[in-house]
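Below: one structure, written as structure tokens.
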């Protein structure tokens with residue numbers, strides 16, 4: 001006679017019914033105080049189905065169904081912070097390999113030794129705040145550590161392991177972003193000069209200085225990305241920890257190559273171009289660079305020999321930006337070259353050099369005027385009359401000109417000490433002075449900005 005097959009999850013043991021189900025990754029067995037009759041087997045089947053349904057939707061309470069079970073106490077034990085941290089790291093597959101490695105390193109070094117074995121529902125806010133307060137690190141690193149503390153608590157709250165996420169109250173420290181510290185053109189040339197004995201690294205850093213590419217983009221560059229005819233590079237990938245990924249902004253961009261960058265690539269073509277693979281190959285291993293650690297040593301050596309103040313290789317990117325901005329390049333063009341997602345980042349990081357470039361550009365205009373007209377056109381100490389007889393009838397005169405007049409006199413006296421008999425105050429209806437054409441031009445520009453074009457004539 002054939003044995004009747006039992007429903008899934010049910011077993012007859014010692015004239016009783018046992019059921020099993022998967023809960024939190026473990027197979028759980030529980031005995032039911034029921035004789036193995038047909039009716040009781042049907043009841044046990046429905047009970048197991050209800051348990052499995054509750055587990056699936058996340059509302060199963062072990063103690064509610066099996067209050068006397070030892071497993072109820074074990075399964076309802078609050079997980080440790082270490083367990084929740086591991087569970088969190090297992091769910092963040094959208095993070096890059098380098099970011100994930102950095103988070104794990106922070107946990108292992110700063111967090112787990114102190115609170116790793118503590119049940120997560122028993123960790124108090126004061127414990128977390130005290131942990132952060134004892135850290136001897138930068139504000140940025142502290143904020144990153146606070147992040148790896150918060151996230152396991154977020155997961156525990158969503159899993160119903162805790163009722164309140166105390167870690168959410170951990171405030172980030174204010175981070176004062178370090179300003180760019182670029183090299184001057186003279187410093188860049190000095191460094192490159194000492195790298196000429198190592199052609200691969202010379203080409204590598206010359207391209208870095210004059211293209212503005214990130215380190216991860218440089219080592220991921222292939223010859224298929226180079227278009228010598230159009231004189232541009234398509235930046236479409238980055239290499240981080242030996243793995244290719246998308247660029248930092250997850251977008252492609254074309255970099256227009258200047259003569260220095262082109263020359264560096266043409267020299268490198270003689271070395272690796274025929275292979276049609278990566279542009280830069282480790283000369284010792286014959287393999288692509290996995291990170292910037294290989295070029296680091298020759299970089300340190302070259303800086304030391306050149307007598308240049310040490311800065312990281314990444315500052316070559318800052319150098320490219322500042323050199324272009326100081327040369328008068330359009331900030332929007334520079335932002336596109338560097339792969340900034342918005343103009344905001346460029347303005348925040350390089351506003352100092354943009355302002356300086358504007359000041360120098362505008363100053364050069366007046367200096368050209370000095371060199372052209374003041375030196376060649378007009379004899380020294382020639383008297384000039386400025387006839388502006390209508391000023392008293394113009395309303396804006398009473399609003400702004402006296403202040404302008406006062407500051408202009410200060411400027412003239414400080415920059416033209418040879419001029420004599422400058423009036424202490426210019427009359428409202430007629431300005432008469434011993435001004436050269438350059439000063440007249442200042443007046444002219446001022447009135448044009450106001451929307452007026454007074455007649456300025458020579459006198460004397």
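The values are calculated or read from the model by the stated rules, or taken from the named source; none is laboratory data. Remember, it's a predicted structure, so these values are computed and weren't measured experimentally. Cβ sites come from the backbone with ideal geometry, for glycine too, and all protein chains shown count toward neighbours.
For the stretch 87-107, state whether one or more residues are closer than 17 Å to residue 160 by Cα and either without any contact (Cβ under 8 Å) to a residue 24 or more places away in the chain or loosely packed, with under 12 Cβ neighbours inside 10 Å (or both).
yes
When you go through 118, 84, 106 one by one, which is the residue that is under 30 Å from residue 239 (Cα atoms) and at pLDDT 85 or above?
Values: 118 fails: under 30 Å from residue 239 (Cα atoms); 84 fails: under 30 Å from residue 239 (Cα atoms).
Checking each option against the conditions leaves just 106.
Are any of the residues in the stretch 57-70 surrounded by 15 or more Cβ atoms within 10 Å (Cβ to Cβ), touching a residue at least 12 places away in the same chain (Cβ under 8 Å) and under 46 Å from the mean Cα position of the chain (by Cα)?
The answer is yes; a qualifying residue exists.
Could you grab me the full set of residues in the stretch 123-151 that are in a loop (DSSP other than H, G, I, E, B) and out of contact with any helix residue (DSSP H, G or I) (no Cβ under 8 Å at 6 or more places or on another chain)?
134, 136, 138
Tell me which helices (runs of 4 or more DSSP H) are completely within the stretch 167-249 and hold 1 or more residues being closer than 19 Å to residue 308 by Cβ, touching a helix residue (DSSP H, G or I) at 6+ places or on another chain (Cβ under 6 Å) and modelled with pLDDT of 85 or more, or say none if there are none. Can you show your working first?
Numbers: elements: 185-194, 199-211, 215-219.
By residue number, 185-194, 199-211.
Output the number of residues of the stretch 276-306 satisfying the condition of being in a helix (DSSP H, G or I), exposed (fewer than 12 other Cβ atoms within 10 Å of the Cβ) and more than 26 Å from the chain's Cα centre (by Cα). It would help to see each step written out before you state the result.
Within the stretch 276-306, the first condition is being in a helix (DSSP H, G or I), and the residues that meet it are 293-306.
Checking which are exposed (fewer than 12 other Cβ atoms within 10 Å of the Cβ) leaves us with 293, 297, 304.
Adding the requirement that they be more than 26 Å from the chain's Cα centre (by Cα) leaves 304.
The total comes to 1.
Does residue 117 satisfy being touching a strand residue (DSSP E or B) at 6+ places or on another chain (Cβ under 6 Å), exposed (fewer than 15 other Cβ atoms within 10 Å of the Cβ) and in a loop (DSSP other than H, G, I, E, B)?
Yes.
Which residue is farthest from the chain's Cα centre (by Cα), if the candidates are limited to the stretch 26-52 and must be exposed (fewer than 12 other Cβ atoms within 10 Å of the Cβ) and outside any helix (DSSP H, G or I)?
That would be 37.
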